[in-house]
Amino acid sequence: MMDYFAVEGGRPLEGRVFVHGAKNSALPLLAATLLADGESVLHNCPDLTDISAALGILSGLGCRVRREGATVMVDPTCRRGHTIPDELMGQMRASVLFLGSLLARDGEAVACWPGGCALGARPIDLHIRAFQALGAQVRSWNGRLSFYGPRLHGRRLALPIPSVGATENAMLAAVGASGVTTISNAAREPEIVDLQTFLRKLGASVHGAGTSTVVVEGAEQPLHSCCHRILGDRIAAATYLAAAAAAGGDVFLRDIDYRHLSTVTGVLRQAGCTLSCQEDGIRLVSDGRLRAVSPIRTAPYPGFPTDAQAVVMSALLRSSGTTVFVENIFESRYHHVPELVRMGADIRLEG
Ligand code: UD1
């Protein structure tokens, strides 16, 4: 892996770019492959460190895992045990998603507390409360967590905030619970819809993803396996759009659903870029002369994504006027600010 990127700036960006599959979709889908009773095939799976960590967790649990290009195959039939190895659990926060699947499948899951990137305190209390509500007993000792719920029961779960991960984990665990689970104030991100699509392909009964109420009817039987293409990555797409907006140029992003990026494209339009959204992608034309936009406040989907905050802020350093950003999702998500200031950016941080 490279230690640094060398960027030679000062020229417009031109061309067509393929947007890889969404990491934030691939991770819960890889966790969901544990629910299948045969080999699941995921196409358009990005090749990223977190994905390797997720594949490592599946292998560590005894699953047969293969990758051919952008296609990943997972067969959990020779899986043994329900303990996630500490070193893999500590590598990324999304490893917590494997707990929901293990609980659904085995009625048991053991792991240490998850790791993750430095976005401030990132508790998993909502995940734990969802498992408990479904009937799992939770024990925490020496930095480890164990969940025991051989007979999970569906019920009404009201999330206090629409957490993406807690919604996904509740959906995964609910697939193994008897009866109906209704998750209200659920996150509405496109990745939740992708998880629902995958679970349905496996044979689970899941409805409502994309709205704030998700309903899962738990199955007693193991599900079958399936083939699925992961949706395009909104964060990667926002990054390419921001780069072309700032540098100027004419780019076309393939394999991304423009409907998933409407707040980002709206901001870039307001900043002076010309965007055309088509069924097969998004075209952005920019002369590199941007203007400031109305305050950008990050919010759960369909609001402005926190994951696009840094790249859009970087692009708007090229604008005339001042733009205000308000981060509402994570308490510590301005790590890029001091670095940009070192490069000469005029950014003031309050709070
Ligand atoms: C997911 C995305 C991440 C994105 C974030 C918000 C993945 C793998 N990662 O992260 O890229 O930035 O959504 O769109 O999909 N919270 C609690 N208790 C919990 C869970 C969350 O207090 O048990 C808080 C978090 O600290 C945060 C907020 O809820 O302040 C939203 O977090 P959440 O939606 O859960 O984000 P992730 O699923 O971790």
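The values are calculated or read from the model by the stated rules, or taken from the named source; none is laboratory data. This structure is a prediction, so every number in the text was calculated from the model and none was measured. Virtual Cβ from ideal backbone geometry, glycine too; neighbours counted across all protein chains shown.
Points worth noting:
- Subset of region 200-214 (residues that are surrounded by 19 or more Cβ atoms within 10 Å (Cβ to Cβ) and either within 16 Å of the ligand (Cβ to nearest atom) or over 25 Å from Asn44 (Cβ atoms) (or both)): Ala209, Val214
- Set Ile183, Ile192, Ile161: member being within 16 Å of the ligand (Cβ to nearest atom), modelled with pLDDT of 95 or more, part of a strand (DSSP E or B) and of a type outside the set (Asp, Glu): Ile183
- For region 48-58, the criterion of being at positive phi and outside any helix (DSSP H, G or I) is satisfied by no residue at all.
Residue-by-condition table, conditions (1) small (Gly, Ala, Ser); (2) buried (at least 16 other Cβ atoms within 10 Å of the Cβ); (3) under 16 Å from Val264 (Cβ atoms); (4) more than 16 Å from the ligand (Cβ to nearest atom):
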position: Arg289; (1), (2), (3), (4): no, no, no, yes
position: Pro295; (1), (2), (3), (4): no, no, yes, yes
position: Thr298; (1), (2), (3), (4): no, yes, yes, no
position: Pro302; (1), (2), (3), (4): no, no, yes, no
position: Pro305; (1), (2), (3), (4): no, yes, yes, no
position: Gln309; (1), (2), (3), (4): no, yes, yes, no
position: Val312; (1), (2), (3), (4): no, yes, yes, no
position: Ser319; (1), (2), (3), (4): yes, yes, yes, yes
position: Asp346; (1), (2), (3), (4): no, no, no, yes
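- Selection status of Ser40, modelled with pLDDT of 95 or more, surrounded by 12 or more Cβ atoms within 10 Å (Cβ to Cβ) and within 13 Å of the ligand (Cβ to nearest atom): no
- Residue count, region 266-313 (criterion: in a loop (DSSP other than H, G, I, E, B), among the aliphatic types (A, V, I, L, M) and out of contact with any helix residue (DSSP H, G or I) (no Cβ under 6 Å at 6 or more places or on another chain)): 3
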